[in-house]
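Worksheet for the structure shown next.
Derivation of every value follows stated rules applied to the coordinates shown; laboratory data play no part. Everything quoted here is computed from the prediction, not taken from an experiment. Neighbour counts run over all protein chains shown; Cβ positions are idealised from the backbone, glycine included.
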């Protein structure tokens, strides 16, 4: 069981781990031991997450979200399989915590009358400056 917050904890059946050979550091050990971890979290079927949280998690996951509604995380940072496993679980927890935060709604605002007046005054001033740049007639 993976605890995300005090209220949310993921059950073991929601996550599956598979181990493959890593392309990272490890010398000859890379060719012999499967240290890379691929964590698959069945997010769409998870009873612990609400629909808005799942939608935000899908947006945050990007390419790591599969068509079946699962989240795939691959970690091959260290030589240790156990450490890679812990890193993958922590990254999953961080992603879910980020998805739990509801973004603030944007309130549309209008510019004040004074700011509109200042902007238009500046434009007209600029216009007169530019109009004075024209050719000068030599009337002698």
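The alpha-carbon positions of the chain define a convex hull whose volume is 245 Å³ per residue. Taking springs between alpha-carbon atoms closer than 10 angstrom, which of 99, 36, 114 fluctuates most in the Gaussian network model of the chain? Looking only at 99, 36, 114, the biggest GNM fluctuation is shown by 114. Dividing the convex hull volume of the alpha carbon atoms of the stretch 13-87 by its residue count gives 97 Å³ per residue.
Here the Gaussian network model covers the chain, with springs between Cα atoms less than 10 Å apart; of 70, 82, 43, 82 fluctuates the most. Counting beta carbons within 10 Å around each of 38, 94 and listing the fewest first gives the order 94, 38.
Here 41, 19 are placed in order of increasing Cβ neighbour count within 10 Å, fewest first, which gives 19, 41.
Sorting the segments 118-127, 51-60 by their residues' average number of neighbouring beta-carbon atoms within 10 angstrom, most packed first, yields 51-60, 118-127. Helices in the chain, meaning DSSP H runs of at least 4 residues, each add -39500 (n - 2.57). Divided by all residues, the mean residue ellipticity at 222 nm is -12500 deg cm²/dmol.
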